[in-house]
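One structure is given below, encoded as structure tokens.
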Amino acid sequence: MMIRRLILLLLLSSINALAKIPPFEGIKHQMEAPSEGVRDLVTEAWSYMDPAKSESEHNYALAFKMNNNAYQQGHPEGASNIGLLYEKGWGVEQDFELAEQWYLKAVAGIYHSAQAELGLARIFLLKPRTKENIDKVIQYIQQAKNTALVRGSLWEDSRDAYLNEADLLASTTNLAAAINANTSLSNACCNVSV
């Protein structure tokens, strides 16, 4: 029971750590960057949801609208930011399923978002601890690390923060997998009839 509480505490810590990280336009395998106007739209939208700013400076409804507009114009970070709004419950009702859908939109094309990949890892950590879900967590963590390491991205200053969160999620995942293995063994031991 204590180990499960530790996992929950680590998970909540990693989720709260993201609130301090600005969006990262993890441009991966890209031939051409989004237009400057669309990049500016995403940057401005972030300014209305940036957790580093005071609550009075937030305008989540406008951030949602601007991010959706950016996504419609082909910028995946708009979808990633909407996923973050749903994941955190910023200006919308917290909804992990909608967050997952928006994060998946952000990683569906040739552009990738480390923020969305880490968001997907966090969401899959909240799901039942099946091998498939743990494999997804590991997959998204690795993708986020690869995306964050791309040189010349527009958000290079966020690279270390994304890599640190990826490492934290990876250690949480390893701990969760070890606990699951331990729980399975103890359940098997307890269910053996003598």
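The values are calculated or read from the model by the stated rules, or taken from the named source; none is laboratory data. Just so we're clear, the structure is a prediction, and the values are computed from it rather than from any experiment. Backbone-built Cβ (ideal geometry, glycine too); neighbour counts: all protein chains shown. Calculation scope for accessible area: heavy atoms of the full protein, side chains included, ligands and nucleic acids excluded. Shrake-Rupley method; radii C 1.70, N 1.55, O 1.52, S 1.80 Å.
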Practice item. Could you run through the stretch 51-69 and say how many residues are of a type in the set (A, V, I, L, M) and within 19 Å of the chain's Cα centre (by Cα)? Key: 2
Review point. Surrounded by 24 or more Cβ atoms within 10 Å (Cβ to Cβ) and either touching a strand residue (DSSP E or B) at 6+ places or on another chain (Cβ under 9 Å) or of a type in the set (S, T, N, Q) (or both), is that true of N69?
Key: no
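Residue by residue, here is whether (1) crowded, with 16+ Cβ neighbours inside 10 Å; (2) out of contact with any helix residue (DSSP H, G or I) (no Cβ under 7 Å at 6 or more places or on another chain); (3) of a type in the set (S, T, Y) holds:
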site: R39; (1), (2), (3): yes, yes, no
site: E44; (1), (2), (3): no, no, no
site: L62; (1), (2), (3): no, yes, no
site: G78; (1), (2), (3): yes, no, no
site: Y86; (1), (2), (3): yes, no, yes
site: L98; (1), (2), (3): yes, no, no
site: Q101; (1), (2), (3): no, yes, no
Practice item. Output yes when any residue across the stretch 51-64 is touching a residue at least 24 places away in the same chain (Cβ under 8 Å) and under 22 Å from E165 (Cα atoms), and no when none is. Key: yes
Review point. Which residue pairs have Cβ atoms under 7 Å apart, sit 6 or more places apart or on different chains, and have a first residue in the stretch 154-175 that is among the β-branched types (V, I, T) and a second that is modelled with pLDDT under 80 and assigned to a helix (DSSP H, G or I)?
Key: T172/I7; T172/L10; T172/L11; T172/S14
Exercise for review: Answer with yes or no whether Y162 is of a type in the set (F, W, Y), modelled with pLDDT of 85 or more and part of a helix (DSSP H, G or I).
Suggested key: no
Review point. Restricting attention to the stretch 38-78, which residues are among the small types (G, A, S) and modelled with pLDDT under 95?
Key: A45, S47, A52, S54, S56, A70, G74, G78
Check your understanding: Looking at I123, is it touching a His at 6+ places or on another chain (Cβ under 6 Å) and either open to solvent by less than 30 Å² (accessible area, probe 1.4 Å) or touching a residue at least 60 places away in the same chain (Cβ under 8 Å) (or both)?
Key -> no
Check your understanding: If you check K88, K131, K105, which single one turns out to be basic (K, R) and free of Cβ contacts under 8 Å to residues at least 24 places away in the same chain?
Key -> K131
